[in-house]
Amino acid sequence: MTMKLLMFTLLALAVHTMAAPWKRHIIDNTSRGADGVRLADVNGDSRPDIVTGWEEGGVVRVYFHPGHAKVKQPWPRVEVGRVKSPEDAVFADLDGDGDADVVSCCEGRARAVNFHWSPANDPQRELLPWRTEAIPATVGKQLWMFALPLQIDGGGIDLVLGSKGNGASIGWLQSPENPRDAKAWRFHRWYDAGWIMSLIKNDIDGDGDLDVLASDRKGKTPGVLWLENPGPKVTQAEPTRRWAAHRIGVDGKEAMFISIAKDKTIYAAARPNQIYIIRPGNDVRQPWHSETINFSPTKYGTSKAARAADLDGDGNPEIAVTCELADGEKSGVFYLKHTGGKWIDYDIGGPAGIKFDRIELLDLDGDGDLDLLTCEEREFNAVLWYENPHR
């Protein structure tokens, strides 16, 4: 074999390896409508644990990372509560006792934010029952979609909430002096919304406090925006004060899940088949610079989530994408790589799965590369991860 032929063969093998779908591992597939993954190390073993709400199944579950030797098997789990139509679930130490509780947001007829109180002094949270209660300030008020734990006024941990539909908003649920007093929590409206998909905390303006980055899918002003934190002293004095909203981009488009990198570059999925890369200019309060990537509507479903990281170890970020409406032979999970001045797509998931959700990129199996963690909520109904084959 000549050197030229050998090089061509090796290149073809490398391209084939990169294009092949990644191996899928199921964490749990025993309920219906897995709707998002949120992470925290809740048992102190330095490994990421997961909380997920199952929308059609009506349960909220926590999954404990079992260690690298068993990570490809179904994970140990505990059911922290049963609620109707959970759209989102997140870890938060609501009462400051050092033990992670869970917050779930419910839409449908439930229309409530629920607290799932963790049993104290139970490292695995399996032996003692969790207690669930709906927060009166939220019950029947809005179709709650997303919760973001964030300290806002200098007291206990508060929650930024987003909703959808008539009367939708972004606002904050203020923690009272006694967080265990459910009736004392108060909701304050910041922004009139259409359908909130993402809420992310980040010091956008570099003034030392955490602002809130959001994507709004519907309504009169869909797109990506950030809400400017006026600081805890101002909030203490004026808890009902609305935070200033600044438009970033994807205006007029159906902005889905977004993510933000360390350099403040934002990656936004937008229906039907676009990924936006949005970078700040000199003034973060003005519209940001935007690049649009269009991907194939015949190969993949419609945009759901986007997150960037170095997936193949070349030192440059790729963009992982999940999709909805990935029916037939369409894939619902893939990534984009910038090569030769173009964004080239590589399949991850293959045709299995129809509706995927937000993305986490992390090394679940300890082999040194980033795997992809997500949910599928229509075809095989699972919390799952795809094993990165590059190492």
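The values are calculated or read from the model by the stated rules, or taken from the named source; none is laboratory data. As the structure is a computational prediction, the values presented were derived from the model and not from experiment. For neighbour counting, all protein chains shown are included, and Cβ atoms are generated from backbone atoms with ideal geometry for every residue, glycine included. Please note that ligands, DNA and RNA were not included when accessible areas were found on the heavy atoms of the full protein model with its side chains. Shrake-Rupley method; radii C 1.70, N 1.55, O 1.52, S 1.80 Å.
Assigned to a strand (DSSP E or B), in contact with a His (Cβ under 8 Å, 6 or more places away or on another chain) and surrounded by fewer than 21 Cβ atoms within 10 Å (Cβ to Cβ) - does that describe any residue in the stretch 192-213? No, the stretch 192-213 has no match at all. Taking Arg189 as meeting all but one of (1) open to solvent by 60 Å² or more (accessible area, probe 1.4 Å); (2) without any contact (Cβ under 8 Å) to a residue 12 or more places away in the chain, write down the number of the exception. Unmet for Arg189, out of (1) open to solvent by 60 Å² or more (accessible area, probe 1.4 Å); (2) without any contact (Cβ under 8 Å) to a residue 12 or more places away in the chain: (2).
Residues of the stretch 362-380 being farther than 25 Å from Glu324 by Cα and either under 17 Å from the mean Cα position of the chain (by Cα) or open to solvent by 30 Å² or more (accessible area, probe 1.4 Å) (or both), which ones? Residues satisfying the conditions are Gly366, Asp367, Gly368.
Of all residues in the stretch 37-55, those satisfying the criterion of being open to solvent by 10 Å² or more (accessible area, probe 1.4 Å) and under 21 Å from Trp117 (Cβ atoms) are Arg38, Leu39, Ala40, Asp41, Val42, Asn43, Gly44. Restricting to the stretch 296-314, give me the number of residues that are farther than 24 Å from His25 by Cβ and open to solvent by 60 Å² or more (accessible area, probe 1.4 Å). Residues meeting the conditions: 3.
Would you mention how many residues in the stretch 1-29 are modelled with pLDDT of 95 or more and either surrounded by 14 or more Cβ atoms within 10 Å (Cβ to Cβ) or among the aromatic types (Phe, Trp, Tyr) (or both)? Even if it seems obvious, please write down each step before you answer.
First, the residues of the stretch 1-29 that are modelled with pLDDT of 95 or more: 22-29.
Among the residues that remain, those that are also either surrounded by 14 or more Cβ atoms within 10 Å (Cβ to Cβ) or among the aromatic types (Phe, Trp, Tyr) (or both) are: 22, 24-29.
Residues flagged as modelled with pLDDT of 95 or more and either surrounded by 14 or more Cβ atoms within 10 Å (Cβ to Cβ) or among the aromatic types (Phe, Trp, Tyr) (or both) within the stretch 1-29 amount to 7.
Residue check: Asp153 meets all listed conditions (1) touching a helix residue (DSSP H, G or I) at 6+ places or on another chain (Cβ under 6 Å); (2) open to solvent by less than 10 Å² (accessible area, probe 1.4 Å) but one, namely (2). The residue that is farthest from Lys253 (Cα to Cα), among those in the stretch 282-294 that are open to solvent by less than 30 Å² (accessible area, probe 1.4 Å) and in contact with a Phe, Trp or Tyr (Cβ under 8 Å, 6 or more places away or on another chain), is Val284.
Might you let me know whether the stretch 18-26 holds any residue that is part of a loop (DSSP other than H, G, I, E, B) and under 17 Å from Cys375 (Cβ atoms)? Lay out the reasoning, then the answer.
Just the residues of the stretch 18-26 that are part of a loop (DSSP other than H, G, I, E, B), to begin with: 20-22.
Those left that are additionally under 17 Å from Cys375 (Cβ atoms): 22.
Within the stretch 18-26, one or more residues are part of a loop (DSSP other than H, G, I, E, B) and under 17 Å from Cys375 (Cβ atoms).
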